[in-house]
C-alpha cells in the first residue's frame, strides 16, 4: 500500500461516472463483469492474500436506500463464508444517503479477511466501494483505505 495520500494515482471510469485514487502499482481492471465498474489489486506477494478494491454500480430501481441495504445485509451472510458484521455506520452527505460497513469473513478457508464497504445512493444508482484485506493486515491498511474511500467521486450524471 502507498505510504501517503499524495502517492495515490487517480482512476477515472469513463462511462460509469466515478473516480477514485489508487495506490501506485496496483492492477486496475475496468468492467470485469456486468455491474462491476472496477477491480483493483495490490501487487502480488507470493503466499499472501492480495488486498483488493471493487467498485460496483447498480440501478436499484424503485428501492429506497434502506430497502436496498436491507437486501445487502441479507445477501452478504449467504454469499460470504463465516460472515460476521462488525460495524455499520450511517454516512449521509450531499452525495446522498450512505453507509460504511465493516465485516470479516473467511476467504475460502485460506485466511480471514476484513471487508470494509462505503455505499452511496445517487438517484436510483447505488455505488459500493468494497475493500478487502487480510484481517491481520487491516490495522496497518485502514487509514489508507479510508483515504481511498474519501477520494471516491460519484458524478451526478451516474444517476441519469
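Data for the structure
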read-out	value
Sole exception among (1) surrounded by 18 or more Cβ atoms within 10 Å (Cβ to Cβ); (2) touching a strand residue (DSSP E or B) at 6+ places or on another chain (Cβ under 8 Å) for residue 151, by number	(1)
Test result for residue 142, more than 14 Å from the chain's Cα centre (by Cα) and either in a helix (DSSP H, G or I) or closer than 26 Å to residue 27 by Cα (or both)	no
Residue check, residue 137 over 14 Å from the mean Cα position of the chain (by Cα), in contact (Cβ under 8 Å) with a residue 60 or more places away in the chain and either under 30 Å from residue 7 (Cβ atoms) or in a helix (DSSP H, G or I) (or both)	yes
Yes/no for residue 47 being over 18 Å from residue 133 (Cβ atoms), out of contact with any helix residue (DSSP H, G or I) (no Cβ under 8 Å at 6 or more places or on another chain) and exposed (fewer than 11 other Cβ atoms within 10 Å of the Cβ)	no
Hits in the range 43-55 - residues which are within 20 Å of residue 117 (Cα to Cα) and at pLDDT below 95	49, 50
Only listed residue being in contact with a helix residue (DSSP H, G or I) (Cβ under 6 Å, 6 or more places away or on another chain) and either within 15 Å of residue 152 (Cα to Cα) or touching a residue at least 40 places away in the same chain (Cβ under 8 Å) (or both), chosen from 8, 20	20
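The values are calculated or read from the model by the stated rules, or taken from the named source; none is laboratory data. From a predicted model like this one, the values you see are computed outputs, not experimental measurements. All Cβ positions, even for glycine, are placed from backbone atoms using ideal geometry, and neighbour counts span all protein chains on display.
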